[in-house]
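Read the structure below first, then the notes.
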Amino acid sequence: MKHIIALFICLLFPCLSAVGQQTNMKDRPSWVDGFREEYKNSYLKSFSAVGSTLDDARRKALQDVADERSRATGRRYTIKEVGGELTMSSSDELTVAAQVVDEWHEVLSNGMYRVDLLVQTKKNPMYSYEPVSVTKKYPFSARVFVPGMAQIHKGSTGKGIVFIAAEAAAIGGVVAFEGLRSSYKSKVNTTKNAKTRQDYINKADNMQNLRNGFIAGAVAIYAWNIVDGIVAKGKKHVEVGHVAMRFAPVATPESGGLAMNIQF
């Protein structure tokens, strides 16, 4: 039994370490280092700049937003920000509306500051923005049933690799100890020496116990993988929402009881 407990620890400790490492890692969004998506009414694009201070880097990133629009239209734009809402104006009074959806700050090894902005720009000032959010939540996926795949999909590559390795090690242990158990069992009838026969029987029983321990370990790791794949949050990623229709019962004096409220 002591051997089985030791084997469980050897299998599960890497998973615990990986979970701790992933928890302590900085939550760097997946859109950083380049992102662009086109929608019907707007487009989403990331901008990055480096400066001697955080404000300097952010100012340069905002200027990149205006410069990008200037290059696209051939007009020179100036940019103004109020509460995350951006307004770009040109000399001929053509206005472009945009908004900062998310941003990321970091200090570089040389002491400089880097700022990344995720900006949604309307294709026409009269259009409405598509509902865009940056979230750590991921919808349910069948990837949870394959060890490590859900974790890798969510950006926790190290954790995913450990789940794959741990499950493979557990299955390898099952196969190896089942082979040894079968080998010792087959040797029982190859000798008439009672002591030798009993020794083979004892060894076969020990191999069976170890095999069962690895089976339990494989099941535990697989179950842990599924739960973690469903509930664990991943790297922040862009999600385009949809207008949802909700039905809610509401008590009103006019209805004389309950009425159905439809919200869009």
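Key figures
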| quantity | calculated |
| --- | --- |
| Sorted by Cβ density within 10 Å, fewest first, the residues M149, M126 | M126, M149 |
| Two-site FRET efficiency, T190 against F140, from Cβ-Cβ distance with R₀ of 51 Å, rounded to 0.05 | 0.40 |
| Eligible aspartates and glutamates near K187 by straight Cα distance, threshold 15 Å, same-chain separation 8 or greater | E178, D199, D205 |
| Candidates per trypsin sites (Lys or Arg not before Pro) in the range 149-210, loop by DSSP, up to 14 other Cβ within 10 Å | K192 |
| Ranked list, fewest to most other Cβ atoms within 10 Å of each Cβ, for V82, V188, V144 | V82, V188, V144 |
| DSSP-loop GluC sites (Glu not before Pro) across the range 61-111, with at most 14 other Cβ within 10 angstrom | E93 |
| Reach of K40 by Cα under 14 Å, taken over aspartates and glutamates that are not fewer than 8 positions away in the same chain | E130 |
| Computed FRET value (nearest 0.05) for N41 with E106, which takes r as the C-beta separation and R₀ as 45 Å | 0.90 |
| Within the range 36-134: Cβ-based charge dipole about Cα centre, in debye rounded to nearest 20 (Lys, Arg +1; Asp, Glu -1) | 300 debye |
| Candidate aspartates and glutamates - alpha carbon under 14 Å from K236, same-chain residues fewer than 8 apart omitted | D27, D33, D102, E103, D116 |
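Taken together, the values in this text are just the output of simple stated rules run on the coordinates, not laboratory data. The model shown is predicted, which means the values in this text are computed figures rather than measured ones. All Cβ positions, glycine included, derive from the backbone under ideal geometry; neighbour counts span all protein chains shown.
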